[in-house]
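Let me begin by presenting the structure, written as structure tokens, before commenting on it.
The values are calculated or read from the model by the stated rules, or taken from the named source; none is laboratory data. Predicted model only: the values in this text are computed from it and were never measured. Quick reminder, even Gly has a Cβ in these numbers, built from the backbone with ideal geometry, and neighbours come from all protein chains shown. The accessibility values were calculated without ligands, DNA or RNA, using every heavy atom of the protein model including side chains. Shrake-Rupley method; radii C 1.70, N 1.55, O 1.52, S 1.80 Å.
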2 protein chains.
Amino acid sequence: MKIGDLAAKTGVAPRLLRYYEEVGILHPFRTGNGYRTYGEPAIDRVLQIRELLETGFTTEMIREVLPCLEAAKEETPAPACPTVKDLDGLRHQLSSIERRIDVLQRNRNAIERYLRAWEDALAAAPTAADGIPGPVAE
Amino acid sequence: MKIGDLAAKTGVAPRLLRYYEEVGILHPFRTGNGYRTYGEPAIDRVLQIRELLETGFTTEMIREVLPCLEAAKEETPAPACPTVKDLDGLRHQLSSIERRIDVLQRNRNAIERYLRAWEDALAAAPTAADGIPGPVAE
DNA sequence: CTTGACCTTCACATTAATGAAAAGGTTTAG
DNA sequence: CTAAACCTTTTCATTAATGTGAAGGTCAAG
């Protein structure tokens with residue numbers, strides 16, 4: 001699969017696919033003439049990269065966790081041997097992810113409460129709506 | 001409270017506090033001589049800004065959700081009146097946050113599985129550890 | 001051969017964050 | 001009161017990360 005095909009199948013611009021290679025999170029083969037070629041798994045990989053980036057991961061974090069995320073999908077115990085240091089890095093990533101889940105859940109709950117309160121209020125009296133909390137000094 | 005005090009209490013550099021004002025997520029008062037002054041709530045606000053930024057929010061998203069996050073903390077139903085358009089924006093933020101929670105939970109689970117598998121394997125045979133999955137072309 | 005896809009390379013845009021200069025306000029010791 | 005030390009102000013510039021655009025050249029299919 002050439003870069004244009006992968007771009008079409010993932011919705012990610014060729015230019016960006018080259019960038020992902022540059023930062024070491026995507027590793028295409030090369031044909032004799034220098035063209036990048038990608039296998040089928042690259043499609044899922046690119047989609048997962050997008051997902052992780054949109055969720056706030058950096059390319060560096062992705063470079064660290066992506067191999068293990070893909071290994072974790074297989075039914076075989078693990079196709080590759082991480083170092084003790086690698087495992088420590090993963091444990092660190094894990095707790096960072098858990099902290100972020102906490103933050104997101106807390107804020108999701110707050111926004112839900114706020115929305116629910118206003119939806120109820122507007123349903124009761126659909127005449128009172130104007131201006132957001134507004135710039136109040138702190 | 002002057003900017004240096006707030007910086008000391010939050011661990012966020014004065015320079016960065018001015019930046020947060022510039023991008024519209026922090027709104028200090030001004031004293032006669034032009035100095036910024038902050039109230040006590042600014043401490044929590046800054047800490048929450050840091051938390052949200054580290055979790056992947058942009059300053060633009062924060063500008064949109066922060067007023068409602070603070071409103072949601074009060075016991076009174078809601079101190080300010082959002083527009084229908086504001087509520088739509090919040091609903092959009094909400095689903096975006098939920099998507100991100102999903103992504104994080106999926107990846108947390110995958111990393112946990114991977115870690116557990118290797119911790120078990122290493123506990124059983126502490127002799128086999130070397131090299132992470134390694135760069136394999138895709 | 002012309003067309004379109006690919007290659008590399010350089011440059012640019014945006015966001016979050018920081019550095020530094022230059023000028024002025026505030027505080028405290030003498 | 002003065003002077004030194006310190007804090008704030010604005011402004012211009014810069015860094016790192018993610019992402020794009022475009023020029024100039026190569027490759028391959030019609």
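Can you pull out the residues in the stretch B:20-69 that are surrounded by fewer than 17 Cβ atoms within 10 Å (Cβ to Cβ), of a type in the set (D, E, K, R), more than 23 Å from A:L53 (Cα to Cα) and within 14 Å of DNA strand D (Cβ to nearest atom)? B:E21, B:E22, B:R30 - these are the residues of the stretch B:20-69 that are surrounded by fewer than 17 Cβ atoms within 10 Å (Cβ to Cβ), of a type in the set (D, E, K, R), more than 23 Å from A:L53 (Cα to Cα) and within 14 Å of DNA strand D (Cβ to nearest atom). Evaluate the following for A:T55: is it in contact with a helix residue (DSSP H, G or I) (Cβ under 7 Å, 6 or more places away or on another chain) and polar (S, T, N, Q)? Judged against the criteria, A:T55 is a match.
One residue stands out among those in the stretch A:21-60 that are within 12 Å of DNA strand C (Cβ to nearest atom) and part of a helix (DSSP H, G or I): the one that is nearest to the other protein chains (Cβ to nearest Cβ), which is A:E21. Scanning the stretch B:1-13 for residues that are near DNA strand D (Cβ under 7 Å from one of its atoms) and touching a strand residue (DSSP E or B) at 6+ places or on another chain (Cβ under 9 Å) yields a count of 2.
Being touching an Asp or Glu at 6+ places or on another chain (Cβ under 9 Å), farther than 19 Å from A:R108 by Cα and surrounded by 18 or more Cβ atoms within 10 Å (Cβ to Cβ) is a property that B:L6 lacks. If the condition is being surrounded by fewer than 16 Cβ atoms within 10 Å (Cβ to Cβ) and at the interface with chain B (Cβ under 7 Å from one of its Cβ atoms), then the stretch A:102-111 contributes only A:Q105.
Just to be sure, is B:A72 more than 24 Å from A:R50 (Cβ to Cβ), buried (at least 18 other Cβ atoms within 10 Å of the Cβ) and either polar (S, T, N, Q) or at pLDDT below 90 (or both)? Considered against the rule, which asks whether it is more than 24 Å from A:R50 (Cβ to Cβ), buried (at least 18 other Cβ atoms within 10 Å of the Cβ) and either polar (S, T, N, Q) or at pLDDT below 90 (or both), B:A72 comes out as yes.
Out of curiosity, is A:L90 facing chain B (nearest Cβ under 9 Å), open to solvent by less than 40 Å² (accessible area, probe 1.4 Å) and either out of contact with any Ser or Thr (no Cβ under 8 Å at 6 or more places or on another chain) or more than 15 Å from DNA strand C (Cβ to nearest atom) (or both)?
yes
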